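The values are calculated or read from the model by the stated rules, or taken from the named source; none is laboratory data. Owing to the predicted nature of the structure, the values given are computational and were not obtained by experimental measurement. With ideal geometry, Cβ positions are generated from the backbone for all residues, glycine too; neighbour counts draw on all protein chains shown.
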Amino acid sequence: MDIRIKNYISWSQLDLFERDPEEYRRIYINGGKRISFAPAEQEYGKRIADGLIEDKMTGDAEVDMCRVSLPPVDQKDVEELIMFGDIPLLIKCDGVINEPLEVHEYKTGHPDKFGKDSWTQKKANEWRQLDFYMFAKFVQTGKIPAGKLILIPTIKIKTKKTDNWGNPIYKIERDKKRELVVFPVTKTISDMALMSAAIKRAWKGIGQMVLEEALK
Amino acid sequence: MAEKKESSEIEKLYKLLSAPITDKEAVQRSEGAKTGKGYDTTGFGYQFIVNRFNEVLGIGNWGWEFESLKEFEGKYKTGTPFYAVTGLATIFVIVNGQKTSHSEYGGHQSISYTDALKGASTNAFKKTAAFFGVGKQAFEKTIDEDNLERVKDEVKKVASVTTPEQNKTKKTLEQTLLMIDVIATEKAIDVWEQQLEKTDAWTDVQKRVIKGRLDARRIELKK
């Protein structure tokens, strides 16, 4: 019998298990705390994502501006449990179009000090979170969906406030001079096969790790 | 008598050719996650295989050639062009004045035509060389002790979950989980959760396993 703690695998689990299995053990199995510095960019991303769940104007200009400019989708903030054989996959996509099938993922980001965007077509193509969602939809429908990674360009503004160590506090705002950047992502059956192998490997590894810890 | 002598010379030669290449620099590794192939590879560098033929047979007593059989030009999904080359490598050796040869196929894909051709020829060459015993450890996956250690680790891991004491715990845990699978009401799950909080019979991780199963059962019941 499979002995597990999480009875599904999500992108964040897969990503952490592949990147740092010991950190996975610490957080997901032994219940350790996740160390997160929640930078302003992350907080802003969450504010936009939370605001977009509602299907009406929120009064938050930053959220509403995104709402009117984002490509329309059939379902927003889609949370689904999809069975891949015996493995339940948990997906949380920002948007899904049903016909033809398309998976959308929103990202916020400001250019670095050299003016280079945090997202490029190459990075979008290689972003495995989208692969994971596209794979789950492929398992569900038998069709490889198209993917779109949509960059909401932001700017980082230095405020007059400082933190406890005297470092300036930044705030993030939508860059009103720039349009959204849409990176279309296409995947092949080989990409699906690679993701399938990665999920199976991680699921097996996680099960083994939970068992090891549970029997200690 | 002469035949027996020849056969023992060939055996000796094979032993020399197929002896493990011990130079640590000779081992090349690639990670599937980085190459995109989905699997890890371990092999010997081309020059170390050439060295082995030169050292054992001597220059002039062996040689090789490569024939490109199929060349393909394509595009990755990013639009970057790539070249794929498939070909046949033939290695000949001269033993006791007689020429013996063997051929094998190989291939390679790269964004540069030169690299694709080079890769295909060395890939085919290494496979062919293994037929003479040179670098055969790469194909037997006995290339170095790292592999052995990995296998040992896997064995240890399996062994570590099968000690009698742990087997007993595993069985008890499994039975508990099976009981959870047949809980009929959410109210019963609440009671289980309360008892789980109070009990010292389980370790923290075991409690998390049981809690995970209770959560899953609650979702099933809600459905």
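State whether the residues of the range A:102-117 include one that is free of Cβ contacts under 8 Å to residues at least 24 places away in the same chain and among the basic types (Lys, Arg). Checked the range A:102-117: at least one residue is free of Cβ contacts under 8 Å to residues at least 24 places away in the same chain and among the basic types (Lys, Arg).
What is the residue count in the range A:155-199 for residues that are outside any helix (DSSP H, G or I) and either away from every other protein chain (no Cβ under 14 Å) or surrounded by 20 or more Cβ atoms within 10 Å (Cβ to Cβ) (or both)?
First, the residues of the range A:155-199 that are outside any helix (DSSP H, G or I): A:155-188.
Cutting the leftovers down to either away from every other protein chain (no Cβ under 14 Å) or surrounded by 20 or more Cβ atoms within 10 Å (Cβ to Cβ) (or both) gives us A:155-183, A:185, A:187.
So the count comes out to 31.
Summed over the range A:1-46, the residues that are aliphatic (A, V, I, L, M) and either within 27 Å of B:Lys168 (Cα to Cα) or assigned to a loop (DSSP other than H, G, I, E, B) (or both) give a count of 7. Residues in the range B:164-177 that are within 9 Å of chain A (Cβ to nearest Cβ) and either at pLDDT 90 or above or surrounded by 12 or more Cβ atoms within 10 Å (Cβ to Cβ) (or both): B:Gln166, B:Asn167, B:Thr169, B:Lys170, B:Leu173, B:Glu174, B:Leu177. I need a count of the residues in the range A:76-102 that are surrounded by 13 or more Cβ atoms within 10 Å (Cβ to Cβ) and over 16 Å from the mean Cα position of the chain (by Cα). Residues flagged as surrounded by 13 or more Cβ atoms within 10 Å (Cβ to Cβ) and over 16 Å from the mean Cα position of the chain (by Cα) within the range A:76-102 amount to 6.
Selection of the range B:57-108 for residues being among the basic types (Lys, Arg) and under 22 Å from B:Lys127 (Cα atoms) yields B:Lys70, B:Lys99.
In the range A:1-24, what residues are more than 21 Å from the chain's Cα centre (by Cα) and crowded, with 19+ Cβ neighbours inside 10 Å?
Answer for the range A:1-24, where residues must be more than 21 Å from the chain's Cα centre (by Cα) and crowded, with 19+ Cβ neighbours inside 10 Å: A:Ile3, A:Arg4, A:Ile5.
Annotation: A:Cys66 fulfils all but one of (1) touching a helix residue (DSSP H, G or I) at 6+ places or on another chain (Cβ under 6 Å); (2) more than 24 Å from A:Pro145 (Cα to Cα); the unmet one is (2). Here A:Ala202 passes the criteria (1) away from every other protein chain (no Cβ under 14 Å); (2) in contact (Cβ under 8 Å) with a residue 60 or more places away in the chain except the one numbered (1). Quick one: in the range B:44-92, of everything that is of a type in the set (Val, Ile, Thr) and not in a strand (DSSP E or B), which residue is farthest from B:Tyr14 (Cα to Cα)? Among residues in the range B:44-92 that are of a type in the set (Val, Ile, Thr) and not in a strand (DSSP E or B), the one farthest from B:Tyr14 (Cα to Cα) is B:Thr78. Is one or more of the residues making up the range B:76-94 closer than 18 Å to B:Asn51 by Cβ, modelled with pLDDT of 90 or more and within 24 Å of the chain's Cα centre (by Cα)? Checking the range B:76-94: at least one residue is closer than 18 Å to B:Asn51 by Cβ, modelled with pLDDT of 90 or more and within 24 Å of the chain's Cα centre (by Cα).
Among the residues of the range B:39-71, those that are at pLDDT below 80 and loosely packed, with under 15 Cβ neighbours inside 10 Å comprise B:Tyr39, B:Asp40, B:Thr41. Restricting attention to the range A:37-51, the residues that are closer than 13 Å to A:Lys107 by Cα and not charged (D, E, K, R) add up to 5.
Does any residue of the range A:113-132 turn out to be surrounded by fewer than 19 Cβ atoms within 10 Å (Cβ to Cβ), under 19 Å from the mean Cα position of the chain (by Cα), away from chain B (no Cβ under 14 Å) and more than 26 Å from B:Gly79 (Cβ to Cβ)? No.
Screening A:Asn98 on (1) in contact with a Gly (Cβ under 9 Å, 6 or more places away or on another chain); (2) closer than 27 Å to A:Asp74 by Cβ; (3) more than 12 Å from every other protein chain (Cβ to nearest Cβ) shows it passes everything except condition (1). Against the test of being in contact with a Leu (Cβ under 6 Å, 6 or more places away or on another chain), closer than 20 Å to A:Asp2 by Cβ, at pLDDT 90 or above and not polar (S, T, N, Q), the options B:Arg213, B:Arg218 yield a single qualifying residue, B:Arg213. In the set (1) loosely packed, with under 12 Cβ neighbours inside 10 Å; (2) modelled with pLDDT under 90; (3) farther than 30 Å from B:Ser18 by Cα; (4) not charged (D, E, K, R), the condition left unmet by B:Thr185 is number (2).
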